[in-house]
Amino acid sequence: MQRTQKERVVTELAEQLRSTESLIVADYRGLTNAQLEELRAKLRGSGARFQVVKNTLTRRAVEEVGSESLLALLEGPTAIAFVETDGDPVAVAKALSDTARDTKVLTLRGGLLAGSSIDAEAIEALAKLPAPEVVKAQLVGVIVAPLTGLVSLLAAPVRDLVGLIDARIEQLKEQGDTSEAEPAAAAEAAPAEEQAAAEPAVEEPAAEAEPEAEAAAEPETTEETTDTETQEEQE
């Protein structure tokens, strides 16, 4: 490779390192070309680019950017999965982890996650995390669960009232519903009440005074009359 080509490769690698906050370094030794192409396709679907690099040129790019933590990972045949800005680091780690388990050849060394260094164990742990969609669904479930409980609590008296009403309706059906007969009886009683209200009230004759009461009402004149008659006789 000519010097100008090497400089261009170093410049491109340095630019990728600057624009990428997450990447995973792996040893691809032993993978066939078909396996490499299959892995590249999986990683593209997760928003990552899998690139085989030369360690000498990559070290120069790393030193230029200042990511010294990656220098220890550049030993032996090296490939780097550069995660794009809109890529999914969890899906990328899962694709690499699955390939390493299935092929028994690919080896994960470490990398960067949001600018922080991670080792092979951290990559395996990252691969076991649920997908972002699942995490969002779980988070929504945690938030909605208390609200659902509150709504159920508020709706409980209403449900109880409706249940009581339904039970009463069933009880009336079993005993025989009289709701239709009651209006008919009320309709028959209404004209009689109206007629009674329209007739004038009949005054009852006053009770005759008791003889004793009349006697008590007359003035006592018997003794005065007797005294007058006696005086006339003496004259």
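For the reader, a short list of remarks on this structure follows.
- Restricting the range 68-117 to residues that are free of Cβ contacts under 8 Å to residues at least 60 places away in the same chain, open to solvent by less than 40 Å² (accessible area, probe 1.4 Å) and among the hydroxyl-bearing types (S, T, Y), the residue that is nearest to L129 (Cα to Cα): S97
- Residue-level analysis places L17 among those that are within 13 Å of L112 (Cα to Cα), part of a helix (DSSP H, G or I) and open to solvent by less than 70 Å² (accessible area, probe 1.4 Å).
- Some residue of the range 37-50 being modelled with pLDDT under 90 and either under 25 Å from K128 (Cβ atoms) or surrounded by 13 or more Cβ atoms within 10 Å (Cβ to Cβ) (or both): no
- Lone unmet requirement of (1) open to solvent by less than 50 Å² (accessible area, probe 1.4 Å); (2) under 48 Å from the mean Cα position of the chain (by Cα) for V10: (2)
- Given (1) modelled with pLDDT under 90; (2) closer than 17 Å to G110 by Cβ, number of the condition V62 does not satisfy: (1)
- So G30, is it outside any strand (DSSP E or B), surrounded by 19 or more Cβ atoms within 10 Å (Cβ to Cβ) and among the small types (G, A, S): no
The values are calculated or read from the model by the stated rules, or taken from the named source; none is laboratory data. All figures in this text were calculated on a predicted structure; none of them were measured in a lab. Neighbour counts run over all protein chains shown; Cβ positions are idealised from the backbone, glycine included. The accessibility values were calculated without ligands, DNA or RNA, using every heavy atom of the protein model including side chains. Shrake-Rupley method; radii C 1.70, N 1.55, O 1.52, S 1.80 Å.
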